[in-house]
Amino acid sequence: QVQLVESGGGLVQPGGSLRLSCAASGSIFSINTMNWYRQAPGKQREWVATISSSGSSNIEDSVKGRFTISRDNAKNTMYLQMNSLKPEDTGAYYCHAVIRTTQSKVPEAYWGQGTQVTVSS
């Protein structure tokens, strides 16, 4: 019914930048909160950033000032602009969204498949 597809990951040198995208598709009635999570090798998945449908956002402290979350509601797409990347930012980045489909009155949570970000010289 609903798919979240991340893109934009890759290999970048320390200090570099990447822009991740998360595109939602399917039988979407509305998208509420959208989030980015990441998971480093051998570690638990952790929250990175959140953006509401109105555009208000929160950023995890370790990436505040370097990462910016945004969304384009017309395109059902969320972005994560990552600047001044550090090796500790390496991991799989996952999109998460709370979506109400056209078949349901109850919003549900959906996850993307993840996109790999590797920060290394």
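The values are calculated or read from the model by the stated rules, or taken from the named source; none is laboratory data. Keep in mind that what you see is a predicted model, and the values were worked out from it rather than measured. Glycine gets a Cβ as well: all are built from the backbone with ideal geometry, and neighbour counts include every protein chain shown. Side chains are part of the model used for accessible areas, which takes the heavy atoms of the whole protein and leaves out ligands, DNA and RNA. Shrake-Rupley method; radii C 1.70, N 1.55, O 1.52, S 1.80 Å.
Observations on the model:
- Residues of type aspartates and glutamates that LYS64 reaches as a straight line, Cα spacing below 17 Å, ignoring anything fewer than 8 places off in the same chain: GLU46, GLU88, ASP89
- As a fraction of the 1.4 Å probe accessible area of region 43-117, surface on carbon and sulfur atoms comes out at 46 percent.
- 15 Å cut-off, amide nitrogen to a point 7 angstrom out along GLN13 Cα→Cβ, residues in region 52-71: none
- Applying 0.36 nm per residue to the separation of SER25 and GLN81 and subtracting their alpha-carbon distance, the gain on full extension is 18.0 nm.
- With a threshold of 25 Å on the Cα-Cα distance, the over-threshold entries among LYS43/LYS86; LYS43/LYS105; LYS75/LYS105 are LYS43/LYS105.
- Pairwise FRET efficiency - GLN1 versus GLU88, Cβ, R0 = 35 Å, nearest 0.05: 0.45
- Relative contact order %, region 29-114, counting alpha carbon pairs below 8 Å whose residues are six or more apart: 32 percent
- The residues of region 15-121 expose, per residue, 51 Å² of accessible area to a 1.4 Å probe.
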